[in-house]
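Each remark here refers to the structure printed beneath this line.
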Amino acid sequence: MPMLRVSPRLEISNRLLALTLALGILTGLAVSTAFLLTQGMGFADLASQFIGYTLGDPAGLDQTLTRSIALIMVGLSVAVCLRVKFWNIGVEGQLWAGALAATAVVLYHIGPASLRLETMFVASMLGGGLWCGVCAAAKIYLRANEVITTLLMNYVASMLAQQLLYGIWRNPTDSYPVSQTFPRADRLALLGFGHVHAGIILSIAAALFCWWLCTFSRVGVMAKAVAANPVAARAVGVPVGRVILLMATLAGALSGIAGFGIVAGQEYKLTQFVGNDFIFPSIVVAYLARANPLGVVVASVAIAALYTAGDSLKAFYQLPGATVLAIEAVLLFCVSCFEFLIRYRVAWGR
Amino acid sequence: MALAVRLAGVEKSFGTRPALLGADFSLSWGEVHALLGENGAGKSTLMNVLAGFYAADAGGVEVDGRPVRYENPAAAADAGIGMIHQHFKLVGPLSVLENLQLACAKRAGWKNRAAALAAMEAMGAQLGFRLNPRGRVDELAVSDRQKLEIMKVLLAGARILVMDEPTAVLTEAEAQAALGLARQLAQSGRAVVLITHKLRDVLGYSDRVTVMRGGRTVIDGAASEGMTAESLARAMVGAEPVAPLPRHAARPAREALRLVNVSAAASEHGVPLHDVSLDVRGGEILGIAGVGGNGQAEFLEVLVGLRRVSAGAVMFGDAAAPEGPAARRAAGLRFIPADRMGMGLFGALPLNVNVALPRLLGPRPERRWLVRRGWMDGLANAAIGGFEVAGAQPGTPVRLLSGGNAQKLMLAREFVGSFSIIAAHSPTRGLDIRAVQAVQARLRAAAEAGVAVLLISEDLDEIMELSDRVAVMSHGRLSEAEPIAQVDRGRIGRLMLEMA
């Protein structure tokens with residue numbers, strides 16, 4: 001009797017990895033398409049909204065690229081942590097911490113005026129790095145689970161932001177809960193294409209840096225060892241705690257820079273919505289990219305395009321905003337289902 | 001005698017790797033049949049085909065004279081075939097009785113706990129041992145877990161028992177008891193297969209022997225009587241095994257490693273160290289004998305710098321040993337852990353990363369900002385060539401290596417740079433003859449080059465053969481080291497008892 005035979009694979013080739021990822025994404029897109037078709041959209045609408053507008057139309061492309069600036073940073077943040085099996089569920093908190101630190105530099109005129117942007121940049125890294133580094137330290141020295149601590153630190157940061165926005169940072173001119181608008185000199189330059197600002201250069205530079213760090217640096221090799229077998233890593237002399245602390249702090253700093261990019265390049269002030277809706281997409285991006293920093297750039301642009309399309313679905317087809325979340329979830333689900341094929345061989349046979 | 005099992009021309013490959021190339025095997029009722037071969041000869045694979053874990057690609061399986069084909073292990077178990085794996089299939093957090101109920105309740109038809117308990121007691125009486133039915137399995141000694149496995153298989157109705165390397169994890173006395181139990185089961189009319197690579201198991205305890213080499217049967221069910229260690233070894237290895245190298249009289253140099261009244265806390269399920277003192281000079285091999293689980297793991301962790309001492313001092317030469325594994329490695333310490341995939345190598349990572357990693361650590365790493373694949377591949381190729389790691393490429397994940405090849409890689413990783421102390425814990429456990437000889441030759445060569453070698457082993461033969469001096473570890477204490485010429489097995493046995 002012929003039947004389905006499932007057996008574990010011994011070796012995993014790069015081609016297989018790429019193939020399963022492609023299959024997962026295609027299946028996810030097919031399921032999402034079927035879902036959207038039941039919501040009264042036609043094929044032509046889908047094509048024009050998802051591909052034509054998001055990547056082909058200047059206004060859509062502008063929206064997509066601008067959104068991807070922060071998404072790349074938080075995606076890298078999760079990806080770098082995954083390299084040492086540290087689950088960073090706290091990119092929003094770290095992003096808030098970075099945004100708050102950068103805003104403080106503007107509001108309190110910290111540092112020389114000519115280096116204000118640079119000071120904001122460094123402050124945002126310190127804020128975000130601290131926010132994630134604390135969780136890593138708690139994991140190493142107190143054995144606190146980082147999924148819980150990074151998650152809860154999100155709330156600490158957003159509550160702190162609320163406190164400041166409704167308190168001492170409230171705009172004195174109109175009493176709205178937003179900070180004063182940043183002076184022109186304290187803003188990131190626009191690059192002449194819609195809202196796309198200099199932050200995109202930072203994002204791409206960060207991706208290249210992370211790629212070098214994970215692939216070619218001594219620390220990257222140590223991180224592989226820590227992820228593969230922490231006991232053996234410690235025995236051979238890898239400073240396991242310091243490697244985790246370094247990678248997690250760096251990851252927090254990356255999310256912090258994302259916050260800096262939003263307040264200094266997009267909003268020009270601190271608002272209540274600076275750090276919303278980043279946790280889930282950051283995980284999706286890192287997962288789709290298989291924690292590869294260069295893959296994060298591609299995945300971030302793709303997910304940003306999905307959000308751009310989602311906005312127009314909301315406007316023109318009255319679909320709820322949760323549609324985008326549902327599509328992201330379907331993609332993630334399909335990709336992780338196909339990972340079964342990475343570990344197991346499936347064949348028809350006796 | 002009637003045939004219980006006949007396997008003829010069995011072939012099996014995994015992906016493109018052939019494991020069996022036409023193997024034959026026959027088993028009679030009432031006998032203990034030894035299945036002998038080197039690591040990777042195909043012994044376990046062949047028996048896994050019989051027990052329904054693998055489907056054969058070709059060849060026939062007959063049980064009680066009828067051709068059969070088991071789709072899964074449950075079908076084989078229903079037919080009375082029970083396998084006792086080298087890595088026990090037990091549920092650690094459950095009790096002894098719960099494990100039995102989980103495995104056998106359906107087949108044995110137990111309606112409740114009382115029925116299971118009664119069956120367990122009866123079987124225990126029949127076999128001549130008793131286990132606490134309420135004891136947690138992960139707190140049992142290894143030998144008791146094996147007894148539980150045997151009981152589990154018998155209560156599930158097994159008449160054909162396959163024991164995979166039953167003595168590999170046991171001490172001398174325990175091993176003899178286990179082999180005696182195998183004999184007893186055969187005398188009760190069952191058929192027992194003993195998968196082993198120890199010649200002693202074959203010569204002392206089996207009726208017939210089958211020898212496999214490279215996926216084929218080379219001796220098919222010959223009477224064990226009349227076999228000699230030499231004839232079996234030749235069949236197993238294919239050529240005359242290499243004779244052990246003659247040992248030059250070592251000229252001990254200065255003291256390289258000293259432990260002064262060291263005490264340390266126990267690991268989980270382990271034993272604390274009490275007041276351990278020893279000194280090892282450059283150029284000598286100091287053997288530490290003793291039954292496993294008497295503090296050896298803690299001892300190695302203290303040496304490597306993973307476990308803090310609560311009292312006493314570890315000295316390298318005349319100075320206190322630096323803190324932490326990286327500094328100790330830099331100061332000339334190398335180690336080979338008993339659990340090479342746990343504390344030694346990185347199974348998920350390729351050979352090249354495994355070999356390159358130690359060179360990137362410590363105060364003077366060989367590469368900092370640019371670790372190229374080509375550099376790591378070069379190191380890996382040197383290790384593969386220099387230490388004869390068979391069937392591996394720099395990019396192969398280490399978990400795919402056989403036990404012997406993984407151990408050779410472990411040596412290649414450790415025997416690098418200038419070093420003055422090697423601590424090896426059970427370095428030849430589970431290896432075949434040739435790998436054992438390769439590992440032992442490396443340790444000897446290191447000693448002759450002036451390195452202080454510390455050999456922690458449960459294998460008395462190995463200790464007696466390699467060591468210049470011997471100490472015994474028992475209950476976390478270490479006896480005073482004595483020159484090998486002054487001790488015999490009896491003396492070591494007495495030391496183990498006296499220190500209890």
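Read the figures in this text as sums done on the coordinates, not as results from a lab. This is a predicted model, so every value here is computed, not measured. Glycine also receives a Cβ, built like all others from the backbone with ideal geometry; neighbour counts cover every protein chain displayed.
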*Based on Cα positions only, what radius of gyration and what Dmax would you give for region B:310-467, in angstroms?*
15.8, 48
*Sequence of B:MET315, B:MET227, A:MET125 once ranked by neighbouring C-beta atoms within 10 Å, starting from the fewest*: B:MET315, B:MET227, A:MET125
*10 Å binning of all Cα-Cα separations within the protein assembly as shown, expressed as whole percents from 0 upward*: 2, 11, 17, 19, 18, 15, 10, 6, 2, 0, 0
*Roughly what percent of Cα-Cα pairs across chain B reach past 39 Å?*
30 percent
*So how tilted is helix B:489-498 from the main axis of chain B? Cα-based, degrees 0 to 90, rounded to 10.*
80 degrees
*Can you give the convex hull volume per residue for the Cα atoms of chain A, as a whole number of Å³?*
170 Å³
*asked:* Can you give the local net charge around A:CYS81? Use residues other than it whose beta-carbon is closer than 12 angstrom to its beta-carbon, Lys and Arg +1, Asp and Glu -1.
replied: +2
*By a straight-distance test (C-alpha under 23 Å), which lysines pair with B:LYS147 as possible cross-link partners, with residues fewer than eight away in the same chain excluded?*
B:LYS43, B:LYS89, B:LYS106, B:LYS198
*Report the paramagnetic label zone for A:LEU294: residues of region A:179-212 whose backbone N is under 19 Å from a point 7 Å from Cα along the Cα-to-Cβ axis.*
A:201-212
*Spin-label model distance (nm) - B:LEU3 vs A:THR181, 7 Å beyond Cα toward Cβ*: 9.5 nm
_Partners for A:LYS224 among lysines (Cα-Cα distance below 18 Å; same-chain residues under 8 apart left out)_ = A:LYS85
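Based on the Cα coordinates of region A:162-307, what is the per residue volume of their convex hull in Å³?
That works out to 150 Å³ per residue.
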*Taking other Cβ within 10 Å of each residue's Cβ, how do A:LEU319, A:LEU37, A:LEU76 sort, fewest first?*
A:LEU37, A:LEU319, A:LEU76
_Based on alpha-carbon centroids, what's the gap between region B:1-62 and region A:249-317 in Å, whole number please?_
57 Å
*Around A:GLN63, with a cut-off of 11 angstrom between Cβ atoms, what is the net charge of the other residues, counting Lys and Arg +1 and Asp and Glu -1?*
-2
*Of all chymotrypsin sites (Phe, Trp or Tyr not before Pro) in region B:340-422, which ones are in loop regions per DSSP and have a Cβ with at most 15 other Cβ atoms within 10 Å?*
B:TRP369
*Along Cα→Cβ, 7 Å out, is where each label goes; now give me the distance between the ones at A:PHE35 and A:TYR141 in nm to one decimal.*
4.4 nm
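To the nearest 0.05, what FRET efficiency results for B:GLU448 and B:VAL142 with a Förster distance of 45 Å applied to their C-beta separation?
On the way: r = 35 Å, r/R0 = 0.78.
E between B:GLU448 and B:VAL142, to the nearest 0.05, is 0.80.
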_Proxy reagent accessibility, fewest Cβ within 10 Å first, across A:CYS81, A:CYS210, A:CYS132, A:CYS337_ = A:CYS337, A:CYS210, A:CYS81, A:CYS132
*Counting only C-alpha contacts under 8 Å and six or more residues apart, can you give the relative contact order of chain A as a whole percent?*
37 percent
*asked:* Quick check on region A:85-145: what does the Kirkwood estimate of hydrodynamic radius come out to from the alpha carbon pairs, in Å?
replied: 12.4 Å
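Diagonalise the Cα gyration tensor of region A:26-154 and give the resulting equivalent ellipsoid semi-axes, square root of 5 times each eigenvalue, largest first, whole Å. The partial results should precede the final answer.
Numbers: eigenvalues 267, 116, 22 Å².
Three semi-axes, in Å: 37, 24, 11.
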*Considering the Cα trace of region A:1-92, what is its radius of gyration and what is Dmax, both in angstroms?*
19.0, 59
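Using only helices, what value at 222 nm comes out for chain B when you add -39,500 (n - 2.57) per DSSP H run of length 4 or more and divide by the total residues, to the nearest 500 deg cm²/dmol? Write out the running numbers ahead of the final one.
Details: 16 runs with 168 residues, N = 500.
Computed ellipticity for chain B at 222 nm equals -10000 deg cm²/dmol.
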